[in-house]
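Each remark here refers to the structure printed beneath this line.
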Amino acid sequence: MKKGQPLLLLLASLIVLSVFAPLAIQPKDDNQPPVSRQSEARGSARGLTEWEYAWSEYNPSAKESIPQNGSWQKAERLINPPGREGRKLLWMRTQLPRDDGYDPTLLVQASQLFEVYLEGELLFRHGQMEGAHPRYIGTPPRMIALPDDAQGKLLSVRIFSAGKDIGLLQAPLLASESDLTLYFIKRQGVRFILGCFYLMIGLISCLAGLRIRQSYLFSFAGFAGAFGLYTLSRTMLVLSLADLPEFWMTFELAFLVLSVAAVLAFTEQLFPESAGTRLRLSRLHLFAGTVGLPFVAFHAARGEIFLLFYQILLLVSILITVVRIGRIAWRKKDRDASQVLAGLAVFCAFSAGDIIRQMLMLDNPFPEFSYWGGLVFLASLVVVILRRIHSILFQLSNTEKLSVAGQMAAGVVHEIRNPVTVISGYLQLMKKGTQINHAPMIDLMLGEVNRINLLVNEFLFLARPSDPKFAMKSICGIISDNLSLFEAQATGAGVELEFRCPPNLPLISCDENQIKQVLVNVIKNGLEAMPDGGKLTVEVKSAAPYVRILITDTGCGIDSQDLKMIGEPFFTTKESGNGLGIMICRRIVDNHKGVFRINSKPGQGTAVEIILPFDPQTT
């Protein structure tokens, strides 16, 4: 596997998982919270659906009181009941059930600010309604602890909204605190997991971008990271860490802007335009966030106003992006642009369906359409990224092959030039007809021809490697045969040979001739590293399903800088070497799905480790 491939393959796997993970871990039922045994015994969790409502005029300078009985009407719907006529204040009330509840807790989500009263006594306040311009701090669901004796009492909710919607966003739920906590874990645990998952994708994308230097991977990392934080900020779990709705609202808006800017930058880098027609929508979004969000954070502007204008900017940006990518897909017949355009079109269509559903106040038992549209859009981006990564890996592989081929060609020319020069010189002497004995010159020329032949054979093995011919062989027998070839050379150099092999070692599947070639190279190098004598040890160990061969010598060792270059074409520390031997050894061991390692310390010797599977075809 090429350098950098594992990281990129991990990125591809995580991106694919990010698309299908929501389908695998989607909760089966989001309508009711789980019911503990105590709740079952005392009355199961229930939704409070029977409400009355009364409109009231908002007067920031006067203390508000609960409307009289004659003002109340039955609420046919909990959001935007009839008769608003521009008013910003709505009262809603219901009678709590008389069940003997355990640790009663109320789950309420209203638009926008609200207060909860029990028999006229204030229990909870979300935001401050006082002042000429009450601050919008988001509409997260809130858990409100009720007194143990709240059963059967009158519950009233005072709601303020300066936006188009006012009322309860969903029927409040009454259950124990533990049940509602489990409800949030079940309902929003998926969102929390996906948020963490996107953060992981962002980190891996950033590392991949550092590896292959592609700017669009950094943009995708920014999108994944910002979208992950945006997703986390939309869960009730963050409120359990810090009950600061206003902070989390600003946090959510900030990372919404960052995620949109990043995905726009991503599309701009994937499909660049000429300098004359370039429009940096991503920078426009960053500018809008940089200018607008401080006003929201320091209460100089209302959050819903910023969100309204930002949604308009987002809609315009989507339309421009669709037109731009569509033009590229149409004019250049770009397959990537066509796929991203299709995904974006599906997302826009699904989002429009959500908008229509909200405008008509239609109930839908399924998740929001835009959620599924977003998955389709993300899937289109995934396909494009994987195709680009595959193309980059292919180009890197070709570049590496060309580099190695050029390096080897230069090395071959250099290695052949020396013997050719020797042969040419002797032939010129023989042509002059000088009265000298030609036999020594002929022997030297034959030696140089053999050197060229060996070099060409090694080069051909690297250029056109033959597939191993596997057969069941005894590795101990192969090693023993090779050592016997070097006994005379070892004795002459004062080198002691030691061979240790466990009894009853299983046969291994290998190409005997190729393994012998590896052993000959390694043993020969070890003997040549000990011209003044020493000890060469070959030890075989079984570590199923592998066999480990360790060849150590007590020679001069290899310098750490030279050790890094061992195996590079035509790098050698020997006067008569060409540097292809170790490269061939690595290639043979790789073809056997094994591992070839060299460890060495100057003055202490060298250890070569060869790990081979018993059966490469099943490993």
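What follows draws every value from the coordinates through simple rules; no lab data is involved. Only a predicted model underlies this, so the values are computations on that prediction, with no experimental measurement involved. Neighbour counts are summed over all protein chains in view; Cβ atoms, including those assigned to glycine, are modelled from backbone coordinates with ideal geometry.
Computed quantities for the displayed model
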| quantity | calculated |
| --- | --- |
| Three-way shape label, the stretch 49-177, alpha-carbon gyration tensor, a/c 1.5 | prolate |
| Cα-based equivalent ellipsoid of the stretch 471-613: semi-axis lengths in Å, sorted from largest, via gyration tensor | 23, 18, 13 |
| Theoretical FRET efficiency, 1/(1+(r/R0)^6), r = Cβ-Cβ of MET200 and ASP243, R0 22 Å, to 0.05 | 0.20 |
| Cα centre as origin, Lys/Arg/Asp/Glu Cβ charges: the stretch 471-613 dipole, Debye | 460 debye |
| Phi-based couplings in Hz for the stretch 252-257 (Karplus 6.51, -1.76, 1.60; Gly and Pro marked x) | 4, 5, 4, 7, 5, 4 |
| Pairs beyond 24 Å (Cα-Cα), from LYS541/LYS564; LYS516/LYS541; LYS541/LYS593 | LYS541/LYS564 |
| ARG324, ARG87 arranged by Cβ crowding within 10 Å, fewest neighbours leading | ARG87, ARG324 |
| Sequence of GLU85, GLU609 once ranked by neighbouring C-beta atoms within 10 Å, starting from the fewest | GLU85, GLU609 |
| Using a Förster distance of 45 Å, the FRET efficiency for GLN68-GLU177 (Cβ separation, nearest 0.05) | 0.85 |
| Listed residues THR491, GLY526, GLY581: farthest to the positive end of the dipole of the stretch 471-613 (Cβ charges) | GLY581 |
| R0 of 22 Å, Cβ-Cβ distance TYR58-GLU85: FRET efficiency to nearest 0.05 | 0.95 |
